[in-house]
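What follows is a single structure, written as structure tokens, with notes after it.
Since every read-out is calculated from the coordinates, none of them should be taken as a lab result. Keep in mind that this is a model prediction, so the values were computed, not measured. Cβ coordinates were reconstructed from backbone atoms using ideal geometry, including for glycine residues, and neighbour counts include every protein chain displayed.
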Amino acid sequence: MKVVAVSGTPGTGKTKIAKLIAKKIDANYIDVNNFIKKNKLYIGYDRRFKSYNVNLNKLVDYLIRLIKSSKENLIIDSHLSHYIPKRYVNLCIITKCDLKKLKKRLEKRGYSKRKVRENLDAEIFDVCLMEALINKHKVRIIDTSKKINIKQLLRYIK
């Protein structure tokens, strides 16, 4: 069984990449946002940012249980997926995006100026990438601003 964590700043193309990989390798796609809501893995809701405040330790525990109980390949899609310990993940893909494109994507989603700025800062400072490296994941970076070579991407997974 293979487990691929797809992480990156919101708006950088995680979901597109994760669904594409899941389809190509016949894996079970896990949308962590839905997983959080379904399992009530949040502490509260931040109305200003229109997002849930996640109990990260509880989320990671639930995801580990899911991984241990699965007999299928899993593609885990979330800007938090790189927090899963390295021993449970074969590969961590970090999506990156040109800042101008990212800004447009976030504005199109209706994010507040403050939330757009926060996410642009996260992308500028490579927060998800740095955290994945700190957690000692095997990391591959995919720039979704450019055409994606799916064959090359799938080679990383095999």
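Descriptive notes on the structure:
- Being in contact with a helix residue (DSSP H, G or I) (Cβ under 9 Å, 6 or more places away or on another chain) and of a type in the set (S, T, Y) is not true of S70.
- Matching residues in segment 3-49 - criterion: being of a type in the set (V, I, T) and closer than 18 Å to A132 by Cβ: V3, V4, V6, T9, T12, T15, I17, I21, I30, V32
- Complete set of residues in segment 1-35 that are surrounded by 24 or more Cβ atoms within 10 Å (Cβ to Cβ), closer than 17 Å to Y88 by Cβ and touching a Lys or Arg at 6+ places or on another chain (Cβ under 7 Å): V6, S7
- Under the condition of being in a helix (DSSP H, G or I) and hydrophobic (A, V, I, L, M, F, W, C), the residues counted in segment 6-47 number 9.
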